[in-house]
Each structure stands twice: as C-alpha cells, then as structure tokens.
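Colleague: First, the structure itself, so that you have it in front of you.
Each reported figure results from applying straightforward, stated rules to the coordinates on display, with no laboratory input. Just so we're clear, the structure is a prediction, and the values are computed from it rather than from any experiment. All Cβ positions, even for glycine, are placed from backbone atoms using ideal geometry, and neighbour counts span all protein chains on display.
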Ligand code: MV4
C-alpha cells in the first residue's frame, strides 16, 4: 500500500518544504515539535502535530523513542528525516523500517557505508570515481603516515573517518609537523566522534567545492541532476550556492554525471544523494557522499524542474523515478543565499522576534522559509531562517534578479546576514565567478582589517 501519511522528523524551512511536497502528492503530514516550536509554521500547516519533548534537540528532534511513538499514535506510514538531526543516523533508519514504516532515504547499510569516510572512499574508488590521492585506509602509525606523505608530496591533510564537515582536520606542510599533527587529529577525532581512526590525503590548496546530485529508485534507474558549486563557505557552513558551477561546461558535467550514475547503479543505492568533490585544474576528486536531502537542493530544482523531495518520497514508496536522464535538461542559472539570524559582521546568533516580514517575489524568485511576522526565533537551533533562491535564463540575469530580490526582502526586528549577501552579489570576483573554497574567509578577514 502506498504512503498516505508522512511524519516529518525535522523543523524550520525543511519541515515546511517536506510538508509541501507531501500535500502536492495528496499525502497527509504529521509534524513533530519541541516545546520551543509549538508556534512553528509547519506545525500549523501539518494535518496533525505531536509535541515530542523539551527545547534541546536531544530531548526532541534527536529523541528516537519519542518520534517513533508519535509516528505510531498518529498512524504515519513513513518518516522523512530532512537534513541534520537524524537524517544520516543509520540506527534510526533501521529502527523505522523495523517498525514497518518507510524511512524516506537510503537503507541503513548505505548510510553506514558512506558515514564512515574511509569505507566511503574505498567503496567509490572501486566504482571508478576519482578520489584524492592518499592512504588506502586508516593510518596505523606515524611512520606509515610519513611514507605516504613523502610519496604523494606535502602539503597533506589528516581527516577523521567518522568526521565530515571539516571537524578535526589537520593540514600538514612538512615532515617535521607530521607526528604532532597526527596525534592532534587522532585525539580530536576520539573526543568528537568516539573513534580515533584517521586517514591522509594530498591537500589541495585552491579547489572549488562541487557536488553532484543524484536520485535512484529501486529498479536500478539512476539520474544525475548536474552539479552545485558550494565553494562560498565560512567555517564549513555554506553561505551561497549556485547551479550550474561557473567553471563546469556541458561536456565535463555529462562525463562526471555518467561516472557517478554508473557507480550508484552498482551500489544499489536508493534515494537522493550527493557526491561531494573538490575540483582543481580541471579534475574532480571525491571527498564525501551525503545520503540526505541537502539544504541547497532548490537550486537544482530550479534549473532542472525536478521536485527532488517528491522523487525521494516516490522512490521510498517503491515507485519509479518520474523522469529519465534523457528527459533532464539544464535551464538557466540559479543561486541560493542562506540567510541566517546572525550579525552580518560577527556572525553572532540573533534569536528574537520578527517584527516585519516582506518576502520578495516576482519572476524567478523562491523563498524557502518558515518565517512570518510575529514569529519568535528560538535560540536552541541552527540560525538558518530563510533561503533566497533566484533563477534566471543565464548567470547575469540571475545576479540581476538576486540584487532586485534583496532590495525587496524585509526581515525586521533582528539582524540577519542579508547585508553580507548584498555585498557578495555586487563583488567583482563573484560577478566574474572567480572564487575558490578560501575566497569568502579571506574576504571577511580583509573586511575586519579595514574596519579596525
Ligand atoms: C580537503 C581540502 C583540501 N584537500 N581535502 C573541509 C570539509 C570537508 N568536507 C572536506 N574539507 C576539505 N577537504 C583535501 N584533500 C580542503 C577542505 C576544505 C574545504 C572544503 C570544501 C569547502 C570549504 C572548505 C574549507 C576549508 C577546507
């Protein structure tokens, strides 16, 4: 029997996004929320809602027994985890399936396989995806690390196998620093992830972060939806994403897309997924795979017309993908600006009450946000409050629309990072599309120096 009721195990804009996909498909929704989120927009719009615990994520959005109880009492037959929280928790995926409910995502095995970065790298290497040169598996000794580093050449980077998102990485510039960096990386890995296994890679100095979106059904059909350029980051938080990447042409896209699709087919993976690459001097180097819907998925939806959340639900229900690769074309250019409730200079979070709210509109503008006038932003969660997504026939039109949409957008009562995005949209390097993963942090440091 097909899914009739989906429990949304998340909050904020993504909970609303999932609710909308469900209602577009005639599926009922159950919202779960913490005691701090009773007045959240997705809670008001959902067909039913259940309070699952206190304000901290641990008491609520990470509380597996409470979420399963809510699913059982509401009669939900599927759970969508969104991003963050339990979205890449293999144990949760397994428990949901053990309760005869559908986890809207990949199997627990695939989540595990990709969650361990060494296993992920080994897996994709065997499937002909290009990876960053480095150790074959975990580093067993300082001696072994020194031999590998000598072979691939400095600088190298040490990463935790249970890491991801940049936590606990160590860049090493010469052999003299290696032993100490290795110890530091291992102890940080142990503290942060309870696992001190680390691996080593060649450190790429000026790459771009380019990721490929895929979706697979349970019949062996796999499609790629092209790439997103997510190079503009601060402290491993993406700030601005675009699709297509300013540096990728059709030929390069089709080539890497075909390689990734073939690998996903061999893996027998189900659901949406993202292959993260570093891209330098015309070459792709795999770093990680994400097995969830991502924050920046709307830019891909804008240029392909594919509703990725809808496809996630379809394939989880055992239906076929609604499109084939032949039917996919890439139209125009899209940019997403992540607007955070933060001071635009210090990035200090600014929870508080939204006094005025006037979202932008018009051609090519989409705002994914759960904000409304009078809403009180709780202090307990991530500071992302809105995603401004703009689409144009080409990058130039997209940038014009973005600047226009930013002129219209009013979020009154709190400080937000909207002014930072206004500066970015007018910066010569951004207009030229010339930036790497370090560009934003460098720019922000220079701004600080100027201000002092
Ligand atoms: C790297 C790298 C350079 N060389 N790996 C950071 C987060 C994690 N997902 C991987 N990261 C990096 N891995 C090699 N071999 C540089 C980074 C990196 C980075 C990557 C993407 C976006 C922003 C970044 C900022 C600093 C470092």
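Colleague: Of the residues that sit in segment 158-199 and are buried (at least 19 other Cβ atoms within 10 Å of the Cβ) and in a strand (DSSP E or B), which one is farthest from the ligand (Cβ to nearest atom)?
Modeller: For segment 158-199, the residue satisfying everything is 198.
Colleague: Scan segment 334-359 for residues that are buried (at least 19 other Cβ atoms within 10 Å of the Cβ) and not in a strand (DSSP E or B) and jot them down.
Modeller: Those that are buried (at least 19 other Cβ atoms within 10 Å of the Cβ) and not in a strand (DSSP E or B): 341, 350, 354.
Colleague: Kindly indicate whether any position in segment 47-59 is within 22 Å of the chain's Cα centre (by Cα) and under 23 Å from residue 316 (Cα atoms).
Modeller: The answer is no, given that none of the residues of segment 47-59 is within 22 Å of the chain's Cα centre (by Cα) and under 23 Å from residue 316 (Cα atoms).
Colleague: Condition (residue is within 14 Å of the ligand (Cβ to nearest atom), assigned to a strand (DSSP E or B) and touching a strand residue (DSSP E or B) at 6+ places or on another chain (Cβ under 6 Å)) applied to segment 134-143: is it met by at least one residue?
Modeller: Taking every residue of segment 134-143 in turn, at least one turns out to be within 14 Å of the ligand (Cβ to nearest atom), assigned to a strand (DSSP E or B) and touching a strand residue (DSSP E or B) at 6+ places or on another chain (Cβ under 6 Å).
Colleague: Further, regarding this structure: If you take the residues in segment 71-93 that are in contact with a strand residue (DSSP E or B) (Cβ under 8 Å, 6 or more places away or on another chain) and surrounded by fewer than 24 Cβ atoms within 10 Å (Cβ to Cβ), which one is nearest to residue 382 (Cα to Cα)?
Modeller: Filtering first and then ranking leaves 88.
Colleague: I'm trying to understand the selection: among the residues of segment 373-406, which are in a helix (DSSP H, G or I) and closer than 25 Å to residue 41 by Cα?
Modeller: The answer is 405, 406.
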